[in-house]
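Reviewing the structure listed below.
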Amino acid sequence: MSFPWAKEYTPAHPFTKWIDEKLPLPRFVFNAVGAGYPVPRNLNYAWNFGILAGFCLMLQIVTGVILAMHYAANQTVAFDSVEHIMRDVNWGWMMRYAHANGASAFFVVVYIHIFRGFFYSSYKAPREMIWLLGVVIFLLMMATAFMGYVLPWGQMSFWGAKVITGLFGAIPLVGEPIQQWLLGGFAPDNAALNRFFSLHFLLPFVIAGVVILHIWALHIPGSSNPTGVEVKTESDTVPFHPYYTAKDGFGLGVFLIGYCTMLFFFPNALGHPDNYIPANPMQTPAHIVPEWYFWPFYAILRAFTQDFLFFPAKLLGVLAMFSAILVWFFLPWLDRSPVRSGHFRPTFRKFFYLLVIDLLVLGYCGGSPAAEPYVMISQIASIYYFAHFLIILPIVSAIERPEPLPFSITEAVLGHDQGAALATPQPA
Amino acid sequence: MIRILSILVGLFFSAALTWSVGLGAYSYVTEPPKETVEEAFHLHPHEPAGGFSFNGLFGKFDNQQLQRGFKVYSEVCANCHALKLVAFRDLKAIGYNDDEVKAIAAKYQIPEYDPTTGEVKSHAGLAKDRFPPVVYAGSGHPPDLSLVTKARHGGAEYVYSLLTGYAEQPAELLKRFPEAKTPDGLYYNPYFANLNIAMPEPLASDDQVTYSDGTKATKAQMAADVAAFLTWTAEPKLDKRKQTGWAVLGFLLFATTLAYMAYRNIWAGKKGH
């Protein structure tokens, strides 16, 4: 679906006409990210991050495929093969740093993309399916990133794999067999390394597939916008190309400057030094921490220190950690406010900013040792995390009085008088 | 219905966490955690006077220093610590020519397993060979040093601080933590994670090595030089990485400026305000 005023693809040259009849791929691109896709004219920079996430996915696939040409997934040589890439492969150091920092960059832009969705309630009807697919993508990304971190077979790789697969051991009755089945053994070993490599190679292409569905679902209602008011007339929109291709081009440049600064000047700043020590099953690192993008969820996992009712603490932690992401699936039905944008929801807005702070606090605690005061802080922050989505959001959205909305996107951009004149449908 | 369920689930997690906080707070009050000897006396690594040449956005290796550091490594550290990821041919990058590299390599014996007889023979090192394993006669495992500056918090600063940080145990430490007296066979070093390291002070006196470039081989100088050398072994592409980075950033700044101008140009008249 698109808006009735969307431009139609009209090939002029006989060759493009011929292509259009046989395989209308140029028409498809024109309608997806070209002049044929009308987009609200008022998108702010928060709307740049979807394209950036897509760019990161491609970056990871390209650098990852090149790394796979030189990497060896065998526990006796995996660590040294990574160092072979760093030392002897032409530009191998750049490929590896680009891939490792690319994972961090991917999570940075995806977190901003998700929080854009929280603030502007991008998950609300008619865009629920886009949101659900987005959560699926995020879960797949987490699995992919976790398995990728295991591949260099350093100390954190090994012990991270042991801790994370150990979580499945907390499931009552079947936990231990599941853990052994996942690892292909009693501890992370060659079998685990091989399957992690295989899946780490596969999952990015699964992600790419879900991304296609995500964008397909987006093109049905069209993009949301900062006012949350739906598009009414042609004057509310501009064609994606050249308006948003130009804006995304600039956004991509800014992103690349930040990313390349990390890659070329601080390539190990986000990694952990212990992963430059080869995996040693006989020596546990002092502090086992995952990569930074898992810290908030790691803090939630570790916040459950006491058994409660019939639930052992470890099981509670595992349930809570997975629930922390699974609750996002229910957001479209938990937030019942008819108003989308946080700009017009004064109470919701305050809780949103609290949530941002809460996640930063959780992240900080998740990266710190499991000692006081971090445990107590992460317990309080975890309470807020669940209360926010499961209790506060349903109640606030039911009782809040939103501020008045603009009549249309055009009015929001141009001011009342000019906007009203343009937004009134002209007689044909 | 879904909202009632969600509130119930939310209350369940909140109650379980409140229970955890409560019990945690209770034991925190009844048995407050005591400061450990590591928390009280561990020191953070610091740079040598004058800093390292390779730090900072424009920092580069100083080949003179790397060669001095290599001398310290091969005369002192190499008695116990291997450097298995580094090949002799790599030494060309720190300013040795082909003949010098061959001469250095030839001083090492490279063990070689003969698959037909099962014997381990050895041959004189060639430029293509890597530094051979080091057989350590004592107990314990002196770590391979190829990556050590990337494998420790603080990197080169840590190596420098550790090498120059050997000291007598402070009297105050023994007064506050009498049980933390350094055991026999270990050495007090406040830069080491648990304060007691098995390695005896390797650079115990000035002029332990003789530098061929005339630099005075003080303890601090030797420690800084070997820390620099080990930074090179861990990150041999550091200079190339930063050079490339500046070229890339220069291009990106230019391209992003153009992209910004294109964006402003295309949007002119569409913004309203």
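Take segment A:242-283 and flag every residue that is over 22 Å from B:Trp246 (Cβ atoms) and more than 10 Å from chain B (Cβ to nearest Cβ).
Those that are over 22 Å from B:Trp246 (Cβ atoms) and more than 10 Å from chain B (Cβ to nearest Cβ): A:Ala279, A:Pro281, A:Met282.
For the structure I just gave you, tell me whether A:Val163 is at pLDDT below 95 and under 16 Å from A:Ala192 (Cβ atoms).
Details: at pLDDT below 95: yes; under 16 Å from A:Ala192 (Cβ atoms): yes.
Judged against the criteria, A:Val163 is a match.
Keeping to segment A:288-345, report how many residues are facing another protein chain (nearest Cβ under 10 Å) and aromatic (Phe, Trp, Tyr).
Final tally of qualifying residues: 5.
Got a sec? Which of A:Leu59, A:Leu67 is hydrophobic (A, V, I, L, M, F, W, C) and under 20 Å from the mean Cα position of the chain (by Cα)?
Working: A:Leu67 fails: under 20 Å from the mean Cα position of the chain (by Cα).
After applying the criteria, what remains is A:Leu59.
Would you check which residues across segment A:341-365 are among the basic types (Lys, Arg) and touching an Asp or Glu at 6+ places or on another chain (Cβ under 9 Å) and list them? Before the answer, list the steps.
If we filter segment A:341-365 for residues that are among the basic types (Lys, Arg), which is where we start, we get A:345, A:349-350.
The answer is A:Arg345, and nothing else.
Can you list the helices (runs of 4 or more DSSP H) found entirely within segment A:307-402 that contain at least 1 residues being in contact with a Cys (Cβ under 9 Å, 6 or more places away or on another chain)? Outline the logic, then answer.
Numbers: elements: A:313-334, A:346-366, A:374-387, A:393-399.
The qualifying helices (runs of 4 or more DSSP H) are A:374-387.
Quickly run through segment B:1-41 and pick out the residues that are within 12 Å of another protein chain (Cβ to nearest Cβ), farther than 30 Å from A:Pro332 by Cα and touching a Leu at 6+ places or on another chain (Cβ under 7 Å).
Result: B:Glu38, single match.
Which of (1) at pLDDT 95 or above; (2) not assigned by TED's automatic domain parsing to the domain that holds A:Thr144 does A:Ala32 not meet, given it meets every other one?
A:Ala32 satisfies every listed condition except (1).
Given (1) of a type in the set (Gly, Ala, Ser); (2) more than 12 Å from the chain's Cα centre (by Cα); (3) open to solvent by less than 30 Å² (accessible area, probe 1.4 Å), where does A:Ala105 come up short, assuming only one miss?
Status for A:Ala105: all satisfied but (2).
Just checking: which of the helices (runs of 4 or more DSSP H) contained wholly in segment B:138-241 hold 3 or more residues that are open to solvent by less than 70 Å² (accessible area, probe 1.4 Å)? Outline the logic, then answer.
Details: elements: B:155-164, B:171-176, B:219-234.
Result: B:155-164, B:219-234.
Residue-wise test of (1) in a helix (DSSP H, G or I); (2) closer than 30 Å to A:Phe310 by Cβ.
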| site | (1), (2) |
| --- | --- |
| B:Thr18 | yes, yes |
| B:Leu23 | yes, yes |
| B:Glu39 | yes, no |
| B:His46 | no, no |
| B:Phe61 | no, no |
| B:Gln64 | yes, no |
| B:Ser74 | yes, no |
| B:Ala78 | yes, no |
| B:Lys84 | no, no |
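Can you confirm whether A:Ala398 is modelled with pLDDT of 95 or more and either at the interface with chain B (Cβ under 10 Å from one of its Cβ atoms) or in contact with a strand residue (DSSP E or B) (Cβ under 9 Å, 6 or more places away or on another chain) (or both)?
On the way: modelled with pLDDT of 95 or more: no; either at the interface with chain B (Cβ under 10 Å from one of its Cβ atoms) or in contact with a strand residue (DSSP E or B) (Cβ under 9 Å, 6 or more places away or on another chain) (or both): yes.
So A:Ala398 does not fit the description; no.
Considering segment A:20-46 alone, what residues qualify as being among the basic types (Lys, Arg) and within 12 Å of chain B (Cβ to nearest Cβ)?
Residues of segment A:20-46 among the basic types (Lys, Arg): A:22, A:27, A:41.
Across segment A:20-46, the qualifying residue is only A:Arg41.
Out of (1) surrounded by fewer than 19 Cβ atoms within 10 Å (Cβ to Cβ); (2) at pLDDT below 95; (3) more than 11 Å from chain B (Cβ to nearest Cβ), what's the single condition that is false for A:Tyr353?
All conditions pass for A:Tyr353, except number (2).
For residues that are without any contact (Cβ under 8 Å) to a residue 24 or more places away in the chain, within 24 Å of A:Val89 (Cβ to Cβ) and not aliphatic (A, V, I, L, M), tally how many sit in segment B:57-105.
Here the count works out to 1.
The values are calculated or read from the model by the stated rules, or taken from the named source; none is laboratory data. Given the structure is predicted, the values throughout are model-derived calculations rather than measurements. Heads up, the Cβs are rebuilt from the backbone with ideal geometry, glycines too, and the neighbour counts pull from every protein chain shown. In case anyone asks, the SASA skips ligands and DNA or RNA and just uses the protein heavy atoms, side chains included. Shrake-Rupley method; radii C 1.70, N 1.55, O 1.52, S 1.80 Å.
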